Amino acid sequence: MTFVDLLQYYGAAAGVIAAAVVSLDLGRRPTGWAFVLFVTSSIALIAWGFLGPDAKGIGWQNMVLLVINAIGVYRYLVRKAPPQ
C-alpha cells in the first residue's frame, strides 16, 4: 500500500466518522470538532485526487468541500453562539 492509497482510505474513513458525529447532533463543540475532521478528510482527498491517477474530480470536489468545512469550523468552534 502506497502513501497515496493511505490518503484515500484516511479521507474516506475520516469523512464517515465526521458525518456520523454531525448527524448525532451532540452539541456545538463535538460538531465543531467533526468539521475539523472533515477538513483533514478534505485535505487528504485533495492530495489523493491530484497525486493519484484518474482522481482529479475528487480533488476538485474536495477543494470546494474544504471551504465549506472551514466555514463549519468557524461557525461551531470560533464564532460565539448567537443569543437565543
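The values are calculated or read from the model by the stated rules, or taken from the named source; none is laboratory data. Quick caveat: nothing in here was measured; it's all calculated off a predicted structure. Reconstructed Cβ throughout: ideal geometry from the backbone, glycine too, with neighbour counts over all protein chains shown.
Residue 14 falls short on exactly one of the conditions (1) surrounded by fewer than 16 Cβ atoms within 10 Å (Cβ to Cβ); (2) within 14 Å of the chain's Cα centre (by Cα), and that condition is (1).
Residues that are exposed (fewer than 15 other Cβ atoms within 10 Å of the Cβ) and not hydrophobic (A, V, I, L, M, F, W, C) were ranked within segment 40-60; the one that is nearest to residue 26 (Cα to Cα) is 57. The selection criterion, being loosely packed, with under 13 Cβ neighbours inside 10 Å and touching a residue at least 24 places away in the same chain (Cβ under 8 Å), does not hold for residue 79. Evaluation of residue 72 against the conditions (1) over 29 Å from residue 1 (Cβ atoms); (2) surrounded by fewer than 18 Cβ atoms within 10 Å (Cβ to Cβ); (3) at pLDDT 95 or above shows that the sole unmet condition is (2).
The single condition among (1) surrounded by 15 or more Cβ atoms within 10 Å (Cβ to Cβ); (2) outside any helix (DSSP H, G or I) that residue 84 does not satisfy is (1).
Filtered by the rule that a residue be of a type in the set (Phe, Trp, Tyr) and touching a Leu at 6+ places or on another chain (Cβ under 9 Å), segment 45-84 gives a lone residue, 48. Residues that are within 9 Å of the chain's Cα centre (by Cα) and free of Cβ contacts under 8 Å to residues at least 40 places away in the same chain within segment 46-67 comprise 65, 66, listed in sequence order.
Cβ-Cβ contacts under 7 Å between residues 6 or more apart (or on different chains), taken from a first residue in segment 1-25 that is farther than 16 Å from residue 65 by Cβ and among the hydrophobic types (A, V, I, L, M, F, W, C) to a second residue that is at pLDDT below 95 and part of a loop (DSSP other than H, G, I, E, B), are listed as 4/52. For segment 62-84, the set of residues classified as of a type in the set (Ser, Thr, Tyr) and out of contact with any Lys or Arg (no Cβ under 7 Å at 6 or more places or on another chain) consists of 74 only.
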